[in-house]
Amino acid sequence: MKDQAARLRELIYQNKSKPIIEKEAEKQAEKQARIICITSGKGGVGKTNFTLNLAIALSMQNKKVVIFDADLGLANIDVVLGAVPKYTLADVVNGKKELMDVMIPGPNGIKIISGGSGITALIDLTQEKLQYLIEKFQGINDYADIILIDTGAGLSTSVLSFALAAEEVVVVCTPEPTAITDAYAMIKTIGKREEGKKLKLLINRVESVNEGKVAFEKLKNACEKFLNVQIEKLGFLADDIVVSRAVKMQKPFILQYPNSLVSKNVEVIALKLINEYVKEEVSFTTKGFFHKVISLFR
């Protein structure tokens, strides 16, 4: 696992061992994309939808954002947007296309790279092909301010490899006991393999700020007590009817319903990622049933 993570880290970041001229080295040091892996212990918690809308919220803060869809064989980002890429990263590995050829434009200026079914080849690349891809990914590093890696769900080798390779990991879960249990298992596995990993928790589909806080504290306390692992609260997303409505329309909810509560939640989270001193939560003025009823009339 550690070898795979190290190889993926080399793939995503610049190859620092490669000899380059001094001026170029200084340029590389000045520009280094921030890489955030977004994952979950179980499927169906809204991870991919969150990733897409977060990318757009970050782009609204004048950040150049690239989403790397690393859910093996499942192009969920493409489905949410109603777009099917003609080429994937597999075509880059095979030397058929350049990386910029497989990077498709998304809403509000974001870019998306679909791994497709061929991404499994990244694990066992020859040194020659690995070096080739390292050089290609350097182009993204030069272009992007932030790279969001949207992994699959669960504890598969590929998911853990990306989580270990990234400097920051956001674990997405809901207040449901099964989701919290699976998120705990994910955090436990990551924590065992790499101490000091920056772990953040996003609680999705909460009916109130209090519900989100209770779920976070429950998981935080368990991680500290039994795992000796620290997790940071990234924020909460409201259980808002506009999310499913936007998914059916294959539109990002932050653009389709910019004044909705969940859109405001994502905006705050984006600001917190950019500026760690932002601590404000968006208040849930209505709760439960009444909140859902009001959402129907937005």
Restricting region 92-119 to residues that are at pLDDT below 75 and in contact with a Leu (Cβ under 6 Å, 6 or more places away or on another chain), the one surrounded by the fewest Cβ atoms within 10 Å (Cβ to Cβ) turns out to be Ile119
Residue hits (region 213-264; acidic (Asp, Glu) and under 16 Å from Val172 (Cα atoms)) are Glu217, Glu232, Asp239
Do we find that Leu155 is at pLDDT 85 or above and either more than 30 Å from Ser208 (Cα to Cα) or among the polar types (S, T, N, Q) (or both) in this structure?
-> no
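For region 224-241, what are the residues that are over 21 Å from the mean Cα position of the chain (by Cα) and among the aliphatic types (A, V, I, L, M)?
Result: Leu227, Ile241.
Taking Lys264 as the residue in question, decide whether it is more than 23 Å from Asn76 (Cα to Cα), part of a helix (DSSP H, G or I) and more than 16 Å from the chain's Cα centre (by Cα).
Values: more than 23 Å from Asn76 (Cα to Cα): yes; part of a helix (DSSP H, G or I): yes; more than 16 Å from the chain's Cα centre (by Cα): yes.
Yes: the conditions hold for Lys264.
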(message) Among the residues of region 70-84, are any among the hydrophobic types (A, V, I, L, M, F, W, C), touching a strand residue (DSSP E or B) at 6+ places or on another chain (Cβ under 8 Å), surrounded by 17 or more Cβ atoms within 10 Å (Cβ to Cβ) and at pLDDT 85 or above?
(response) no
The lone condition Gly212 fails out of (1) modelled with pLDDT of 95 or more; (2) closer than 24 Å to Gly41 by Cα; (3) in contact with a helix residue (DSSP H, G or I) (Cβ under 9 Å, 6 or more places away or on another chain) is (3)
Note to self: Being more than 29 Å from Tyr184 (Cβ to Cβ) and either modelled with pLDDT under 90 or not charged (D, E, K, R) (or both) is the requirement here; does Leu89 meet it?
What the structure shows: yes
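The values are calculated or read from the model by the stated rules, or taken from the named source; none is laboratory data. Because the structure is a prediction, the values reported are computed rather than measured. In this analysis, Cβ positions are derived from the backbone assuming ideal geometry, glycine residues included, and neighbour counts consider all displayed protein chains.
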